[in-house]
Amino acid sequence: MRKAAGLVVGGAAVLALAGCGQSGGGGRAQLTPAQSCLQSLDPATGVEACRTAMQTNPDDLALRKRLALLRLKAGSLAAARQAYQIVLAKAPNDTEAEFGLGLALETAGEQDGNLKKLDAAGKDPSVIGRFRSYGFSDLDLKLFDTPPLVVGGQSPEADRAMTPKQPFTSAVTVSVKCAAGLNGRLHDCAVITPLKPDQAAFGEAAIRIFMTTIVRPARDKGAPFADAPIVLTYVFWPASYYASQPKS
């Protein structure tokens with residue numbers, strides 16, 4: 001099963017926490033939850049700090065916007081989308097929230113996500129640099145008005161033949177981010193789904209399967225756009241699943 005999506009977030013960023021002055025004993029003063037939230041780019045610690053800070057400041061849009069960013073970086077797309085929408089409901093001209101929402105929608109394969117991102121950058125070009133500083137790659141931040149589209153590939157039977165020859169009892173879902181070339185082929189593919197060590201073969205197989213995919217390149221203002229990002233998702237089903245399906 002293949003699923004075309006949009007843009008996806010880039011690699012992890014370094015946690016940017018620093019002391020903010022000296023305590024009476026000469027040590028560093030401990031950051032408040034709000035300070036930890038707003039200075040964090042690491043979802044592993046920042047999400048909890050933001051949630052704690054928002055218990056006493058539920059209407060603070062800066063805190064909610066940082067929480068949305070951290071959710072986006074963690075791949076929690078539904079939560080990121082909801083947080084950005086709450087910000088935009090109260091601050092409709094917040095270009096960072098609009099750009100972030102566009103990224104979340106693209107990653108989830110929703111229509112018009114790329115257009116929200118394009119609109120935000122048109123209002124405030126500096127938003128691109130801001131998201132680059134948050135750890136998103138140049139591939140993630142490309143702007144175009146029509147995303148790539150899968151138009152062909154090998155047969156489902158050929159896909160299944162590339163399933164790893166190792167036993168597994170439940171479905172394994174793998175998402176892969178690639179660049180869509182002007183020649184209709186994908187390149188520079190990377191697995192973006194966290195996999196257990198014993199599932200690494202499924203990530204490699206997903207990349208091999210998607211390298212057979214044929215795509216219509218992205219376009220911008222009617223012209224073909226080179227190397228736009230695309231996220232594809234493949235579900236590996238165990239043999240028991242196919243055995244349970246009715247014969248055609």
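Structure notes:
- Contact map, the range 48-61: first residue closer than 20 Å to A89 by Cα, second residue among the charged types (D, E, K, R) and part of a helix (DSSP H, G or I), Cβ cut-off under 7 Å, separation 6 or more or different chains; pairs are C50/R66; M54/R64; L61/K90.
- Hey, P167 over 16 Å from A239 (Cα atoms), of a type outside the set (S, T, Y), at pLDDT below 95 and open to solvent by 90 Å² or more (accessible area, probe 1.4 Å) or not: no
- If you go through the range 80-96 and keep only what is among the small types (G, A, S) and free of Cβ contacts under 8 Å to residues at least 12 places away in the same chain, you end up with just A89.
- Residue within the range 128-139 that is surrounded by 19 or more Cβ atoms within 10 Å (Cβ to Cβ), of a type in the set (D, E, K, R) and closer than 30 Å to A200 by Cα present: no
- Residue, farthest from the chain's Cα centre (by Cα), within the range 173-185, restricted to residues that are open to solvent by 10 Å² or more (accessible area, probe 1.4 Å) and closer than 30 Å to P238 by Cα: R185
- Each residue in the range 226-248 was checked for being of a type outside the set (V, I, T) and buried (at least 20 other Cβ atoms within 10 Å of the Cβ), and 5 of them qualify.
- If the condition is being among the basic types (K, R) and surrounded by 15 or more Cβ atoms within 10 Å (Cβ to Cβ), then the range 103-127 contributes K116, K117.
The values are calculated or read from the model by the stated rules, or taken from the named source; none is laboratory data. Because the structure is predicted, anything quoted here is derived from the model rather than measured. Counting neighbours? That spans all protein chains shown, and the Cβs are built from the backbone with ideal geometry, glycine included. Ligands, DNA and RNA are stripped out before the accessible areas are found, and what is left, the full protein with its side chains, is counted by its heavy atoms. Shrake-Rupley method; radii C 1.70, N 1.55, O 1.52, S 1.80 Å.
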